[in-house]
Structure formats: C-alpha cells, structure tokens
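Presented below is the structure to which this report refers.
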Amino acid sequence: MAETIDVGTHAGDDHGHDHHHEETFWSKYVFSTDHKMIGMQYMFTGMFMALIGGFFAYAFRMQLAFPGMDVPFWGIVTPAEYNALITNHGAIMIFWVAMPVLIAAFGNFLIPLMIGCDDMVFPKLNRLSYQIFLLSAVVLLASFVVENGGFGGAWTSYPPLSAKHEYSLTPLGSSLWITAVALEFVAFLIGGINFVTTAMNSRAPGMKLYDIPMVVWMIVVASILFMASVGPLIAGAIMLFMDQNLGTHFFDPNAGGDPILWQHLFWFFGHPEVYVVLLPATGITAEVMCVFARKKLFAYRTVLYTTFGTGVLSFTVWAHHQFIAGIDPRMAHVFTITTLLISIPIAEMMFVYIATLYGGDIRLKTPMLWALAFIAEFLIGGVTGIFLGASGADIYFHDTYFVLAHFHYTFFPIAIIGVYAGVTFWYPKMFGKMMNDTLGKIHFWGTIIPFNCIFIPLFVLGAAGQHRRIHDFTQYPELAQYQDVRVFATVSLVIMLLFQFVFIYNFFMSLRKGKDAGPNPWNSTTLEWTTESPPGHGNWKELPTVYRGPYEYQVPGRDKDFWPQNEPN
Amino acid sequence: MIERYLEQVSTYAGDIDGLINLIAWFVGVWFLVAEFVFFYLIFKFRHREGHKGEYITGEEKHQKRFITIPHFLVLVCDIFIIIGAVRVWVDVKQTLPPADATVRIIGQQWAWSFVHPGPDGELDTADDIKTVESLNTEVGKVYHFQLESRDVLHDFSVPVFRLKQDAIPGRIISGWWKATKTGEWDIQCAEICGIGHGVMRARIKVQSAAEHASWMHENSPVASIASAN
Ligand code: HEM
Ligand SMILES: [Cu+2]
Ligand SMILES: [Cu+2]
C-alpha cells in the first residue's frame, strides 16, 4: 500500500524529481531526492555514529574507573588515545548525532509532511547536503586510523595545540578532523536553506503562520540560528587548516597571531549551536506532549516568542565560555548579565510545557514517557547552568566535571531523550508499523535510571575539584579518594549501553512483526497523520487544506476528542 | 556545598563558596517547585476512564498569570545572582590588592615551573629561586602571580584557593591570592594541553613565615650573599 506512487501530484513538477518512473534500489535508497528517504538516511547515519560515540564513552569511562587496565573490546587506553576518544566522542555526539538526527532527519521527514506539501523546495540540494554530510563522516572516521592516531585537542580544538603538529603530535589526524568538521558545516548550511524556504513558501492552503506546528517552527528557527552563526567558524576552520598545513600564523602568538581569536570564532558559533540542537528536541517534546495529554499547547504564541527570544539572545552570550581565558576581566559582567537573561525565555518555555499538562487526559505511552523525561531532566541541565553563567562561581567550576555533568544534562535530554521521543512517536508514520510499547518502557527505564546514576556522581566530582580531560585522576592526592564514585558512574554507563540493545531489537523486530499502524494511530491532529503510513512519494494523493491550528484536542461540543487541521467543520 | 569536599584556603574561597550557596538556594527552590508541580500534574491528570480533559488555550490573561508571575520571580532571582557574581568577580579577578610578593608561573608541555623572588623580594634578580612542580609560598601574604605559557594554552588551577586562570602564550596574565592556612595541596592544569595534560600536576606549599624564610635561604642560589646583606 505504501508503494502507491502518485505521479499525478508531480505533473509539471519543476522540483527535479527526475526519476520516479522506474525506482531502482539505487534511485530509491541511495540517490533519492525524496525528503523522507533523505531524512531516513540522516537518521540511520546519525544512529550509527551514536553507536561509535557511545562506544568511545564506554572506552574512556572504563579507563577512568579502572586506570591502566585492559578495557574489553579496546585494550589499554593510552593518554594519547584517551584524548582522541574524548575529542571525538564530543564532536561525534554533537556534529554527527545531534545535528543530523534532530535537525536533518526530523527536519527532512517532518517539515513537508507537517506543512502539507509534497517535498522540499530544492530536492537536489537536499540530496547534495546528505552526500556532503556522509563524506564528512567518512573523513572523520578516517582521521582515527591514520598514522599517529586521531585528533586529541578536545572538540573545541583550541589553538595553538590544534594548530601546530609539534604540539598536537597528530599531523594527519588533526587536519582530517578539521576538514571533516568544515564539510559537516557546509552540509548543514545547504540543508538549512531548504528547511527555511520550504516552511515559509510551501505551506498547504489555509495554513497561517500560527497554524504551523511548533516543531516545524523550532527547526526553522534552529536552522536560521545555525546559518547565522556558522560563517565565522567555517572561516576559523579554514584558518586553522592553513595554520596547520600552509604555514600561516592566524593563531600563533609568536608570529603576531592570537589564540583567543579562535575562541571567539568558535563560541560565537558554539553557544548558539546548543540552541540549534535544543530547539528541535523541545519542539518534538511539544508535539508528543499535546498528543498524549490530549491538550492544546498552552500559550502557543508565548512559546513561539520565547523561541525567537532565545534565538536572539543566544548570540549575545558566547564569551561566558571565556571568563577565565585571559580576556579583559570587565567583559565578564556583560556576559554574566546576558547569560542570566537567557534563563528567562528558557524558564518560561519550561513553565509553559508544565502548564500544558494541566487539565489534560495524560496517557503514559513510551513516546510520552520520553517527552516528560525530557522536561524533568532538562530542568537539571538548566538550573546548573546558572552556576556557570555567574562569573564569580565559574572561576571555580570552569572546566571541572561540574561543567561536564551540566552540559550532559542538557545534551543527553536533547540528543538521546528527544530523539527517542521523536523516533518512538513517528515510527508508525515512518514505517507503517507500531513499536512494542512494553519493550519501549523497559528501554526507557533502563536508560533513564542509569543516566542519572552516571551524571549525578559527576556533579559531585566536579564540586570536589576534579577537572575535565584528565586520563587518570588517582595520581592527584586530593582526588584519589573518589575512585569508587568513578566506578559507580562507569558501571551505570555499561548498564545503560546494554539497555540500548533493547531499543535496537524493538526497532527491527517491530519492522517485521509490529502491527499495522494505519494513518493515525495516536489520534493526532497535525497533517502528517492524514496521509497513509508510510507516505508514498509525493506524500498525499491530494494535498491537504488547513482549517485550524495544530493542537485542537478536547474542543467542547465535539464527540471526538481531536479535531484534525485538515477537517472542514 | 563545596566546603564539604574541599578546604577553603584562600581569603576569597569563602566568598566564591558563598556565591555558589546563594545560587544553589535560588535555583534549588525553583527546581524543586517545578519538579513537584510537574509530577503532581502528571499524577492528577493521568488518564482515567470516562474522564474528559479540559480545553485550555493558555492565551487568556488569567491563564497566562501562571506563567508570567513565576517568570517575573525568576527575573528577580537573576538580579540577585548577577549582583553576587559581579561582587565576587571584581574582588577576585578585577582589582588586585597591593602585593607582598610576586611569583612567576610558567606552563609548558607538560610541567609547571615557578620563579620565586628569593630573599630580596624582587623577581629577575640573582637570588630568584626556580622550581618545577612545586610552588612555595607564605601564609597570610598577598601574592601576585604573572602567568605565562611557553607553547599552548594551559590553565593554572588551585581548587582549594578556588582560583583558576588560563595561561596564554604571548601574554602575561596577572592575578592574586592570599592563603589562610599552612599545608600542601594540588595544582591541576585545567585546560587540555596535549598528551601529557593529565600528568601536568604540581603542589602548592603554604608555609609559615619562619618555614618559608628558611626554605628561601636554603634554596636561593645566592643565599649566602643575601643573608650577609
Ligand atoms: C552515553 C552517555 C555519555 C557518557 C557516559 C558521556 C561521558 C562523557 C565524559 C566522561 C566526558 C569527558 C571526558 C573527559 O573530560 O575526560 C564527555 C565529554 C563530552 N561529551 Fe559525553 N557522554 C555521553 C553522552 C554524550 C552526549 C549524548 C553528548 C552530546 C550530544 C555528549 C557530548 C560530550 C561533549 C561535547 C564532551 C566534551 C568533549 C571534550 O571535552 O572535548 N556526550 N562525555
Ligand atoms: Cu597544561
Ligand atoms: Cu593541560
């Protein structure tokens, strides 16, 4: 049923669907220009990279818990390997997991389906974006296996360490690494153009700006943030590559360069980047919560304005990463103020989400558990950020495990919890089958409980003065006493990783044995649920018309508790 | 919070801990209230047969109050936190009290070296004492430091002082501390600086006046001349 490809909607199509007449394996799965297939490609690539990033976390956490021992499936973790592992763990999780899955996979899959059009505005550009992204992943993987090993200067790659081979000792690894990162940025720059233009220009008849589902808005705002922030960093990456290989001295203080320049270029991108991945996850949470609480999103417009507010403010806070980096101390005051101000739209957004539950009819299915966990856990990330934004307190916390625990409490809800919420929620639409809810719940608890057991102890270690990126803490007299805390965190990690196999099993088992989902298994109101599951090429036989906002649940005087966007009165 | 894990050994350690405690109270209360309301609502509005949910837009003024009031209160908390942060920052990083002594601290892959002024109290004279991986200081004295790096970024961090400062090649960065008790503690490098970053450790020794003076005389390359003067 899914294979009904309606050429009709593409008649006179100028979008460049040049090959939907004979769909071979190659044209369907590899060189497809269909937004759904490209979304899947991003999703599977991202999940594959998550396995690598997770495996790296396993290897270096084992080293921390049992210093100098043979780590099963890895071996001895040398200091050089340790640095390469943490560097690439961080880079992979952010650039090759959070970005591709949250923005590219969900953006591609959802935007046309949720705004009621047949594809992205520039499908070929879309395919190019994935191909460049894939290339970037290959270059990154290659950087681990070259002579002298992968780059080990942390995902922030501060020069001069990253800029000179005599300091980093990884001549090939560091050049491949920065090349991979630059390619990845180019891929997302291309992809973002598509998301913004499609959402703004291709909406179904009747869909006004306030009728756009929140997740689409948030992906659009995230894409704009990305496009507005990435320029300086691409320039920086090219400068860094030239410093490494062509003898320039942009960041070399001995020849008139300035290492701090990189930090400004990096964090002018790096801080908005947090919101680039945060917003799509927050949007997914909104969709899932409304469906499973059978509630209208509380104060839709407020959420939208706080999204814009967060986006604008995110460009004003970058130097809070540089409080103690040797910049003029008076700058700290400005960035303390902006950083604390950004807590306001974010706190407001969280209050709105909590208020959305009020008066609901809450069903705790797997996707809803993930969405609720997003809020519960992200709150911890949010409040601990205040300690770091307050300059005086950051003097102590900067670069400790407190920071590490803080940003994992934001990134884990974003990149893992948010993604699971999205995947379990839209799985029926993507594949036309239901996932097993019991296995889903086992996986949920098997992830959430160990997750907290990993990172709460790391807050404690940070408070005790343990710094980041050090491969054996037992050699510090004041830190040696906390070894059992490190063992506890590591054992929790191993347990959590093992539970991920429950998800993988459920994912593939349900593809074969899941029960048929039908078009709208969750009784949802947004447009993607008005076409068959999975949607064919072109998405609808006849494109929908929109009559109302996205979250009309429990509207008084109607017998059904949901009122789809495309249903005429 | 922090003092439960680590001693306070500098004059400003207590101020930084105080700020951290202040923030902990503010955000702790918000966190607990938010999580409590959140779980309470999940429980209260869980699905029950024959029970229908309500239609609430959240767009009306009396509904929005539930957002705008807490939101305003968050702003008030933010202002207190900003004031606290600025006060601590100005004392620790911005205005340096007059120095009793100045030391030079040099980071390089992968060791800390230190230049002590020696018995004459001046840097860059013949009686300077150079050490590696151990910094000797006197209790109760205001020390200024001049932080340098020979190669990449490093970060001079003394957790018991609550002090941390990046070392940047090409710059000399100043800062200060005044230790409040004698003893010996960890110095860590807090900025990744290459393969040996994890072993770039040192110890800070805070000595009594008498102990420190005798250490100086024993170690100064020209101690005999200095004491003869
Ligand atoms: C699977 C669970 C995870 C565990 C146990 C874990 C653990 C860690 C640890 C212990 C470090 C620091 C290592 C060190 O400083 O020596 C680290 C670094 C980092 N992690 Fe994770 N992490 C996990 C998932 C994630 C996720 C989902 C993200 C982001 C989407 C992420 C992003 C980062 C980043 C950016 C760094 C900093 C890397 C650097 O310092 O260069 N991690 N992780
Ligand atoms: Cu160092
Ligand atoms: Cu270091």
Among A:Gly231, A:Phe351, A:Gly309, the residue whose Cα sits farthest towards the positive end of the charge dipole of the protein assembly as shown, when +1 is placed on the Cβ of each Lys and Arg and -1 on the Cβ of each Asp and Glu, is A:Phe351
Zone reached by a paramagnetic label modelled 7 Å from B:Phe31 Cα along Cα→Cβ, restricted to the range A:449-474 with backbone N below 20 Å, covers A:449-468
Hydrodynamic radius by Kirkwood for the range A:264-317, inverse mean 1/r across distinct Cα pairs, in Å, is 12.4
With a 1.4 Å probe and ligands and nucleic acids left out, the total accessible area lost when B pairs with A, in Å² to the nearest 100, equals 7700
Computed from the beta carbon distance with a Förster radius of 22 Å, FRET efficiency for A:Val312 and A:His333 to the nearest 0.05 stands at 0.65
On the formula 1/(1 + (r/R0)^6), with r taken between the Cβ atoms of A:Gln475 and B:Leu75 and R0 of 56 Å, the FRET efficiency rounded to 0.05 is 0.80
So the angle from the long Cα axis of helix B:209-219 to the longest Cα principal axis of chain B, reported in degrees to the nearest 10, equals 50
Kirkwood Rh over alpha-carbon pairs of the range A:439-547 plugged into Stokes-Einstein at 25 °C, 0.890 mPa s gives a D in µm²/s of 135
Rh (Kirkwood, all Cα-Cα pairs) for chain A, Å, reads 24.5
Rounded to one decimal in nm, the spacing of the 7 Å Cα→Cβ label points at B:Lys44 and B:Lys141 is 6.4
Cα gyration tensor of the range A:307-383 diagonalised, 5x eigenvalues square-rooted, in angstrom largest first, produces semi-axes 34, 13, 9
Here, B:Ala126 and A:Met200, labelled 7 Å along Cα→Cβ, have an inter-label distance in nm of 7.5
Length gained, A:Lys124-A:Asn254, 0.36 nm per residue minus C-alpha separation, equals 42.2 nm
Only helices counted: for chain A, with every DSSP H run of 4 or more residues adding -39500 (n - 2.57) and the sum spread over all residues, [θ] at 222 nm is -20500 deg cm²/dmol
As straight-line cross-link partners of A:Lys541, the qualifying lysines (C-alpha separation under 26 Å, not fewer than 8 residues apart within one chain) are A:Lys28, A:Lys36, A:Lys124, A:Lys208, A:Lys429, A:Lys433, A:Lys515, A:Lys560
SASA check, B:Ser208, accessible area w/ 1.4 Å probe, all protein chains in place, rounded to nearest 10 Å², comes out at 40
With the dipole of chain B defined by +1 on each Lys or Arg Cβ and -1 on each Asp or Glu Cβ, the option from B:Gly170, B:Ala126, B:Val29 whose Cα lies farthest towards the positive pole is B:Val29
In whole angstrom, the spacing between the Cα centers of the range A:351-371 and the range A:121-175 equals 40
accessible surface per residue for the range A:443-544, probe 1.4 Å, DNA/RNA/ligands not counted, whole Å² -> 39
At R0 = 25 Å the Cβ-Cβ FRET efficiency linking A:His165 and A:Gln131, nearest 0.05, sits at 0.25
Magnitude of the Cβ-charge dipole (Lys and Arg +1, Asp and Glu -1) of the range A:52-186 about the Cα centre, nearest 20 debye, reported as 120
Straight-line reach check, B:Lys205, cutoff 28 Å on alpha carbons, 8 or more apart in-chain or any other chain, hits among lysines -> B:Lys93, B:Lys130, B:Lys141, B:Lys164, B:Lys178, B:Lys181
Share of accessible surface on carbon and sulfur in chain B, whole %, 1.4 Å probe and ligands ignored, is 59
Checking the range A:333-431 for trypsin sites (Lys or Arg not before Pro) in a loop per DSSP with at most 15 other beta-carbon atoms within 10 Å yields A:Arg363
With +1 on the Cβ of every Lys and Arg and -1 on the Cβ of every Asp and Glu, the dipole magnitude of chain B about its Cα centre, in debye rounded to the nearest 20, is 1120
For the range A:140-199, listing GluC sites (Glu not before Pro) in a DSSP loop whose Cβ sees at most 13 other Cβ atoms within 10 Å gives A:Glu147
With every protein chain kept in place and a 1.4 Å probe, the range A:330-401 has an accessible area per residue in Å² of 21
Where a ≥ b ≥ c are root eigenvalues of the Cα gyration tensor, a/c under 1.5 meaning rounded, otherwise prolate if a/b exceeds b/c and oblate otherwise, the range A:225-283 counts as prolate
Per principal axis, largest first, the Cα atoms of the range A:354-414 extend in Å by 46, 20, 10
Measuring from the longest principal axis of the C-alpha atoms of chain B, the long axis of helix B:13-44 (C-alpha) lies at a number of degrees, nearest 10, equal to 20
Along the dipole axis of the range A:385-486 (charges at Cβ: +1 for Lys and Arg, -1 for Asp and Glu; origin at the Cα centre), the most positive-end residue among A:Gly462, A:Phe425, A:Tyr482 is A:Phe425
The range A:414-436 scanned against label point 7 Å out from A:Trp445 along Cα→C-beta; backbone N under 18 Å for A:436
Carbon plus sulfur, as percent of the 1.4 Å-probe accessible area of the range A:195-284, comes to 70
Magnitude of the Cβ-charge dipole (Lys and Arg +1, Asp and Glu -1) of the protein assembly as shown about the Cα centre, nearest 20 debye, reported as 2140
Longest principal axis of chain A (C-alpha) makes with the long axis of helix A:214-245 (C-alpha) an angle, in degrees to the nearest 10, of 30
A correct Stokes-Einstein calculation for the range A:257-356, using the alpha-carbon Kirkwood radius, 10 °C and 1.306 mPa s, returns a whole-number D in µm² s⁻¹ of 106
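The values are calculated or read from the model by the stated rules, or taken from the named source; none is laboratory data. Only a predicted model underlies this, so the values are computations on that prediction, with no experimental measurement involved. Cβ atoms come from the backbone with ideal geometry, glycine included; neighbour counts cover every protein chain shown. Ligands, DNA and RNA are stripped out before the accessible areas are found, and what is left, the full protein with its side chains, is counted by its heavy atoms. Shrake-Rupley method; radii C 1.70, N 1.55, O 1.52, S 1.80 Å.
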